[in-house]
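Colleague: Have a look at the structure that comes next, please.
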Amino acid sequence: MSARVFMKRLAAVEIDPARSNQHEFNAGRLRQELGLKGDPCQGAVEFLFYKADDAEPAIVTESYTLYDARRNHPSRTEWRMYYTNRGVAAQARADDLMLLFRIDSKTHDLVALVVRRGTSLERELVRQLASRESEQFIEDLFVDSTIIDANTRRILLKVLRRTVPEGPLKVYPFTSHALFRQAVTQDEMPPTAAMADAALGVLADLEVTEHDPDDFIHLALAAETALFMTIEEKLGNMRLAELYLRTGPDFLATMKFAMSYQQSRKSRRGRSLENHFRSLLARLRIPHGYQCTTESGKKPDFIFPSCAAYHDPAYPSHSLRVVGCKTKVRERHAQWLGEAARIPLKYALCVDEELTDALIARYDGKLRFFLPTPILDAVYADRPSRPLLGSVADLIGELRTATATPRRN
């Protein structure tokens, strides 16, 4: 039996907080059709918002809970699916088309395509999956995945569009890099550590050094991303051709392929910042401990000057520092606050362009965010929260001061 896809028109009360705080769908049949078990049943929802045919989709990760609102009733059930609405309201509109489905039957995680009404992608998805015209699609519908045409596949796969590097990386010959040739020959993406080393080699070719910490981190991440995506594009085209030879250009096969690559990007990006920050610390000879246990179950990314110093009661607490690394902060800030109890002010190194003024101000004196200068200048320069943010050079200065000969209590 083919995997099932839930199709519906979004209603204003389901997405707009000004209309309702509902953020729920009726889910009795949805639970059965998608094979979601348990009460409650919980998982992540990866929303892909296709707002125009010529643009890649915006991606927002939310969570959901599917539950029986009448679980205590002796004879009635009322299944509802509640989802968090941190980013959906800003991206979706009433009457947009939503396609909800499972990529992997082994997990309860879901993918939701939200496609702007009136786009060619919206019209073609309704025509090819629901066998009707867009204007005729009104009621919720469950359909089997089916073959889709080449243009529809092309638009859907824009989720994998390769970012064109800027600045000195724009003309760098990534397809001539030894790691690119190795990956194509072996038909395998290199491990994260190898990608990080290759990125440092690119920086050496461009004469970028650790003496400008902000450029070092910013360009190391950009170089690794550019090399990764160059390899990904080559391997992806080869594997996509093989996939369609085996299964045909099916809707769910296409999306499963795309989301597997999207997940690979997220996993790699999560470790890249840590790797390049470790390289920067080593080059600048700043002593540190990496991912050591501070308290039971707590393992922060970096402790300064060392794990041994942290666990030495005689070592002054005011000379200890902790740094957490995360490309996107999301909910990690709560975790950071619970780590390294001896250190009241936590440091966070990130490249997140979506930090809100409210979040930054809320943690003033508890958690300080540091970002590369190019991001600070492009995103936060005119924001009220800018004085509370630091650059990578600021962070290095703080760590150098703290790891100098400590003052005893």
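The values are calculated or read from the model by the stated rules, or taken from the named source; none is laboratory data. Because the structure is predicted, anything quoted here is derived from the model rather than measured. Neighbour counts run over all protein chains shown; Cβ positions are idealised from the backbone, glycine included.
Colleague: Given the range 59-121, what strands (runs of 3 or more DSSP E) lie entirely inside it while holding 3 or more residues that are surrounded by 14 or more Cβ atoms within 10 Å (Cβ to Cβ) and either free of Cβ contacts under 8 Å to residues at least 60 places away in the same chain or among the hydroxyl-bearing types (Ser, Thr, Tyr) (or both)?
Modeller: 79-83
Colleague: May I pose another question? Return the residues of the range 378-404 that are surrounded by fewer than 13 Cβ atoms within 10 Å (Cβ to Cβ) and of a type outside the set (Ser, Thr, Tyr); say none if nothing qualifies.
Modeller: Of everything in the range 378-404, those that are surrounded by fewer than 13 Cβ atoms within 10 Å (Cβ to Cβ) and of a type outside the set (Ser, Thr, Tyr) turn out to be Ala378, Ala381, Asp382, Pro384, Pro387, Ala404.
Colleague: Does the range 238-257 hold any residues that are part of a helix (DSSP H, G or I) and either farther than 22 Å from Ile59 by Cα or touching a Gly at 6+ places or on another chain (Cβ under 9 Å) (or both), and which are they?
Modeller: Met238, Arg239, Ala241, Glu242, Leu243, Tyr244, Leu245, Arg246, Thr247, Phe257, listed by residue number.
Colleague: Restrict the check to the range 342-351 and report whether at least one residue is touching a residue at least 60 places away in the same chain (Cβ under 8 Å), under 25 Å from His218 (Cβ atoms) and among the hydroxyl-bearing types (Ser, Thr, Tyr).
Modeller: No, the range 342-351 contains no residue that is touching a residue at least 60 places away in the same chain (Cβ under 8 Å), under 25 Å from His218 (Cβ atoms) and among the hydroxyl-bearing types (Ser, Thr, Tyr).
Colleague: Can you confirm whether the range 353-367 contains a residue that is in contact (Cβ under 8 Å) with a residue 40 or more places away in the chain and not assigned by TED's automatic domain parsing to the domain that holds Gly87?
Modeller: no
Colleague: Please work out which residue is nearest to Leu371 (Cα to Cα), limiting yourself to the range 315-336 and to residues that are at pLDDT 95 or above and aliphatic (A, V, I, L, M).
Modeller: Filtering first and then ranking leaves Val323.
Colleague: Moving on. State all residues of the range 29-42 that are surrounded by 14 or more Cβ atoms within 10 Å (Cβ to Cβ) and under 17 Å from Val5 (Cα atoms); if no residue qualifies, say none.
Modeller: Result: Leu30, Arg31, Glu33, Leu34, Leu36.
Colleague: Consider Glu242 against the criteria (1) farther than 25 Å from Ser391 by Cβ; (2) exposed (fewer than 12 other Cβ atoms within 10 Å of the Cβ); (3) touching a residue at least 40 places away in the same chain (Cβ under 8 Å): it satisfies all of them except one. Which criterion is unmet?
Modeller: If we test Glu242 against (1) farther than 25 Å from Ser391 by Cβ; (2) exposed (fewer than 12 other Cβ atoms within 10 Å of the Cβ); (3) touching a residue at least 40 places away in the same chain (Cβ under 8 Å), just (3) comes out false.
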